[in-house]
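Q: Dropping the structure in here first, questions after.
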Amino acid sequence: MLVSEYDFALPEELIAQHPPAERGSSRMLVLDRATGTLRDERFGSLPNLLQPGDLLVLNDSRVMPARLFATRAGARTQHNSPHPSGLIEVLLTEPVEDAAHPAENLWRALVRPARKVQPGETLLFSERGCGEPLLRAEVVASGPFGERTLRFAPVEDFQATLARIGHMPLPPYIRRDRELQTDSEEDCARYQTVYSQQPGSAAAPTAGLHFTPQILAALATRGVEIATLTLHVGLGTFQPVRVERVEEIRLHSERYTLPAATAEALNRAVTDGRRIVAVGTTTTRTLEHIAAEARLAGEDRLKAHSGSTSIFLASGHRFRLVGGLLTNFHLPKSTLLMLVAAFAEAGDLEHSEQGRGMVLAAYAHAIRAGYRFYSYGDCMVVL
């Protein structure tokens, strides 16, 4: 299958630049994958759409202030200017675990402009790109498309320093004046889920941005069980698909943790035959990964553990845990759109065209109806 078969035209004005004025007020498109029928709803109606006994699984990863600005050691910048020249934009995507050197603070990152940052160079990080450096990092390796590995010099509290000088890693289609190097109060508050707990993501698990404490309480009152796991969103979210065929796609690995309480909740739901509804593609990928790993190990019960996954869910995948999916609207030709289409087809390879066509028809409806797309946009639920 060709990646181009997942393309669609999106008017630029439908790319949401800001969250809705009130969290939880987004529109929600309901797709019945058994019939292909569509229904326009509001996100606040989600408790009525789910059934008592459903298990709703959330990703509680918290977005890091992962976007930094640096200068190269020895480079001159115009420190008296509000827009210092020569700045390097650095997006930290995930820490690198090095068994041979466990004490080293290694990070994978995307840098821009990449051509100026080569292995052996030192980057200096300070507030607003000028003043005394608060962090230093050596570039120790390079990869394609702006990927770099950085080794940070020891500091007393790396995370606290990161919080001081880092910025929200908003995706590039959300237009902000990046040279100002400031975060709005709106972005700081709304580009996090209300239930985020575990810092580590370089992008928000955006399907969760719609939830409010009140909606979570209404779900619990409805009899919906709620559990959490953690998948830290990493490099794969930022890299576009650069191959022509779906079969050639390979994803970067991302770190996850399945807590004991969630493992037991999943085991009970499977035993009871209750539906498991995943909030977001990150949760879906994690659940399907752990199900596949348990099956390979010959285990019939899930256990608490941490690990990493690079699973790519595409046409023909048999979903073993996830029976419902809440998700935002995704970019054309993206692996996330392919995941939603695979879920819509219910894992039946003979009906892959039906699943893809069903989701693209839903997107076409959303475009005609003026739904807002991407991270700060509206959502759809596939049941």
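Q: What nm distance separates the two modelled labels at ALA21 and ALA261, each placed 7 Å from Cα along Cα→Cβ?
A: Distance between label points: 3.6 nm.
Q: Less than 13 Å from a label point 7 Å out along the Cα-to-Cβ axis of GLU97: which backbone N atoms in region 254-296 qualify, by residue?
A: Only 254-258 pass the distance filter.
Q: Taking a spot 7 Å from the Cα of ILE249 along the direction of its beta carbon, which residues of region 1-24 have an amide N less than 20 Å from it?
A: The answer is 1-10.
Q: Follow-up. Distance between Cα centroids, region 195-260 to region 101-160: provide it in whole Å.
A: 26
Q: While we're here: Cα axis of helix 213-222 to longest principal axis of the chain: angle in degrees, 0 to 90, nearest 10?
A: 20
Q: Shifting gears a bit: Can you list the HN-Hα couplings for region 306-315, worked out from phi with the Karplus curve (6.51, -1.76, 1.60; θ = phi - 60°), rounded to whole Hz and with x for Gly and Pro?
A: With coefficients 6.51, -1.76 and 1.60, one gets 10, x, 9, 9, 10, 4, 10, 9, 9, 3 Hz.
Q: Suppose only helical runs count, i.e. DSSP H with n ≥ 4. What mean residue ellipticity at 222 nm does that imply for the chain under -39500 (n - 2.57) per run, divided by all residues and rounded to the nearest 500 deg cm²/dmol? Don't jump to the answer; show the numbers that get you there.
A: On the way: 8 runs with 84 residues, N = 383.
Dividing the helical sum by the residues of the chain leaves -6500 deg cm²/dmol.
Q: Between ARG39 and SER306, what FRET efficiency follows from the Cβ-Cβ distance if R0 is 51 Å, with the result rounded to 0.05? Display every interim value, and only then the final one.
A: Working: r = 39 Å, r/R0 = 0.76.
With a Förster radius of 51 Å, E is 0.85.
Q: Say each of SER334 and GLN118 gets a label point 7 Å from the Cα, pointing the same way as Cα to Cβ; how far apart are those two points in nm?
A: According to this spin-label approximation, the distance is 3.5 nm.
Q: Counting C-alpha atoms alone, how compact is the chain: give Rg to one decimal and Dmax as a whole number, in angstrom.
A: For the chain, the Cα radius of gyration and maximum Cα-Cα distance read 21.3, 66 Å.
Q: Give me the three principal axis extents of region 198-351 from the C-alpha atoms, as integers in angstrom, largest value leading.
A: 46, 37, 31
Q: Could you pull out every residue, at least 5 positions away or on a different chain, whose amide H is within less than 5 Å of the one on ILE15? Hs are placed 1.01 Å off N in the peptide plane, and Pro or chain starts have none.
A: Those qualifying (amide H under 5 Å, at least 5 residues apart or on another chain) are PHE373.
Q: So what is the relative contact order of the chain, in percent, for Cα pairs below 8 Å that sit 6 or more residues apart?
A: Numbers: 801 pairs, mean separation 92.2, N = 383.
Once divided by the residue count of the chain, the mean separation gives 24 percent.
Q: Please report the antiparallel percentage of DSSP beta bridges with both residues in the chain, rounded to the nearest 5. Please list the in-between numbers first.
A: Working: 47 of 66 bridges.
So the antiparallel bridges in the chain amount to around 70 percent.
Q: Right, next: Say R0 is 30 Å: what FRET efficiency, to the nearest 0.05, do ARG164 and ILE367 get from their beta-carbon distance? Don't skip to the end; give the middle numbers.
A: Numbers: r = 41 Å, r/R0 = 1.38.
In this case the efficiency is close to 0.15.
Q: Would you grab the residues whose amide H sits under 5 Å from the one on ILE226? Only those 5+ places off in sequence or on another chain, please, with H modelled 1.01 Å from N.
A: Correct list: LEU56.
Read-outs: derived from the displayed coordinates by stated rules, not from any lab. All values reported here derive from a predicted model rather than from experimental measurement. Cβ sites come from the backbone with ideal geometry, for glycine too, and all protein chains shown count toward neighbours.
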